Amino acid sequence: MIGYIDKIREVSRKLLTEEKVDMVIGYRKGSLPMMTEPCFVKRPEDVDTLVWDSNCRINLAAYLMDRKEKIGIIAKGCDSRNIINHLVENKIKREQLVIIGAPCKGMIDKKTVTQQFGQEIDEYQETEDQITVKGGGVEKTFQKVDVLQENCAICNHRNPVEYDELVGDLVEEQVDVDRYEDIRRIEAMDIDEKWNFFEDILSTCIRCYACRNACPLCYCPTCFVDESKPQWVGKGNDPADTRTFHFLRAFHCAGRCTDCGACERACPMDIPVRLFTKKLGKDCLELYGWEAGLNPDQRPPLDTFKPDDPEVGIK
Amino acid sequence: MGNLLEYMGIERDRLHFSWVSSAEASKFITVVKEVTASVKALGPAKKFVKDRRQVS
């Protein structure tokens, strides 16, 4: 996977030189080790700023909404599914896009590595299967599979679903991953246990809305939490308001969430926000056999009616 | 939506959905009876309630 960068630069340079796109959205080195940031490359001579490693966690689809230019975009499995979501929701046109597919074996979780390393990380290197971090005179090597982001470890769509260019060979999809083990554990709790479990999880929420801002699905011009006429939900951190925010945000992502993990990565308080969206993902799969972002020609379950829809909870 | 509410710890029987046509008076009565009965059985909702002192 680490060898993609030459091909990424080559494809991007070609697209920009031939003026097939106005810009390429990709990753560049971040200001800290193990961080990359999204970048918009507009000139062929700048393509060398693009990078690719196991820290390209950010979902680039979040930068596509309502763009007018022609865009080349690097897409992992999850990004490509979110791009398809945007196509379905008319946030961008397919003709505007050149999707540069990057088959992905999972991105590593910086929080896990930092925790296990116990020092500030000054230097970072990686090979195909391993990463090595250095800092404070200490060096430690991790196997990538041990420090993957949780959503990557259980990912079953590693290859881009749709692409025009491919920067490496397609990778083997993970089969037999148990995607919903944690959700089933919560479902098995009794009603007060559930309530207290989430009360505890959400108690640290500072309502910074980083999860919402990082999410490629959350593109409403005015979010319901920001509206004041009417004010749907209180703006402080009263537990009832915090709960309302998380509940409704998750519900707005029902049948759309691709479990890219952007919300959880963005959370400064390490709240496992994905527990909400994953539950809805599980319901959509079980009730409608639906996984988001796999087919641009299919309407999502929540905006279609079929006579044989399961009527859960309707009397 | 009921599923997610239950998942978060709100009793399933607090939320009811039904299709009732304006011509279905008897169905309407049945539904209302069912709703009130199941909500009464659950008792007052203590979750999602803000303390008055904090609100004012």
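The values are calculated or read from the model by the stated rules, or taken from the named source; none is laboratory data. Since this is a predicted model, take the numbers as computed values, not measurements. Backbone-built Cβ (ideal geometry, glycine too); neighbour counts: all protein chains shown.
Structure data summary
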{"read-out": "1 or more residues at pLDDT 95 or above: qualifying strands (runs of 3 or more DSSP E) within region A:86-167", "value": "A:97-101"}
{"read-out": "Any helices (runs of 4 or more DSSP H) falling wholly within chain B and containing at least 3 residues that are in contact with a Lys or Arg (Cβ under 9 Å, 6 or more places away or on another chain), modelled with pLDDT under 90 and at the interface with chain A (Cβ under 8 Å from one of its Cβ atoms)", "value": "B:2-7"}
{"read-out": "Conditions (1) away from chain B (no Cβ under 14 Å); (2) modelled with pLDDT of 90 or more: number failed by A:Met189", "value": "(1)"}
{"read-out": "Exclusive hit being of a type in the set (Asp, Glu) and free of Cβ contacts under 8 Å to residues at least 40 places away in the same chain, set A:Glu69, A:Glu95", "value": "A:Glu95"}
{"read-out": "Region A:116-167: number of residues that are assigned by TED's automatic domain parsing to the domain that holds A:Ser12 and at positive phi", "value": "0"}
{"read-out": "Condition met for A:Pro272 (exposed (fewer than 15 other Cβ atoms within 10 Å of the Cβ), over 30 Å from A:Tyr163 (Cβ atoms) and modelled with pLDDT under 90)", "value": "no"}
{"read-out": "Subset of region A:132-163 (residues that are surrounded by fewer than 17 Cβ atoms within 10 Å (Cβ to Cβ) and more than 25 Å from A:Gln119 (Cα to Cα))", "value": "A:Asn156"}
{"read-out": "Residue in region A:227-237 that is closer than 28 Å to A:Ile58 by Cα and in contact (Cβ under 8 Å) with a residue 60 or more places away in the chain present", "value": "no"}
{"read-out": "Test for A:Gly255: is it within 11 Å of another protein chain (Cβ to nearest Cβ), assigned to a loop (DSSP other than H, G, I, E, B) and not charged (D, E, K, R)", "value": "no"}
{"read-out": "Qualifying residue in region A:212-226 (condition: over 22 Å from the mean Cα position of the chain (by Cα), loosely packed, with under 15 Cβ neighbours inside 10 Å, within 14 Å of another protein chain (Cβ to nearest Cβ) and not in a helix (DSSP H, G or I))", "value": "no"}
{"read-out": "The one condition in (1) free of Cβ contacts under 8 Å to residues at least 60 places away in the same chain; (2) of a type outside the set (Lys, Arg); (3) touching a Gly at 6+ places or on another chain (Cβ under 9 Å) that A:Tyr180 fails to fulfil", "value": "(1)"}
{"read-out": "Sole residue being away from every other protein chain (no Cβ under 11 Å), farther than 30 Å from B:Val49 by Cα and touching a Leu at 6+ places or on another chain (Cβ under 9 Å), chosen from A:Pro301, A:Pro307", "value": "A:Pro301"}
{"read-out": "Filter result for the condition that a residue is in contact with a Leu (Cβ under 7 Å, 6 or more places away or on another chain) and at pLDDT 90 or above, over A:Leu294, A:Leu280, A:Leu285", "value": "A:Leu280"}
{"read-out": "Residue within region A:125-135 that is in contact (Cβ under 8 Å) with a residue 40 or more places away in the chain, among the polar types (S, T, N, Q) and under 28 Å from A:Ala75 (Cβ atoms) present", "value": "yes"}
{"read-out": "Residue list for region A:16-47, filter: in contact with a Pro (Cβ under 9 Å, 6 or more places away or on another chain) and more than 20 Å from A:Gly77 (Cα to Cα)", "value": "A:Leu16, A:Thr17"}
{"read-out": "Filter result for the condition that a residue is facing chain B (nearest Cβ under 10 Å) and touching an Asp or Glu at 6+ places or on another chain (Cβ under 7 Å), over A:Pro239, A:Pro272", "value": "A:Pro239"}
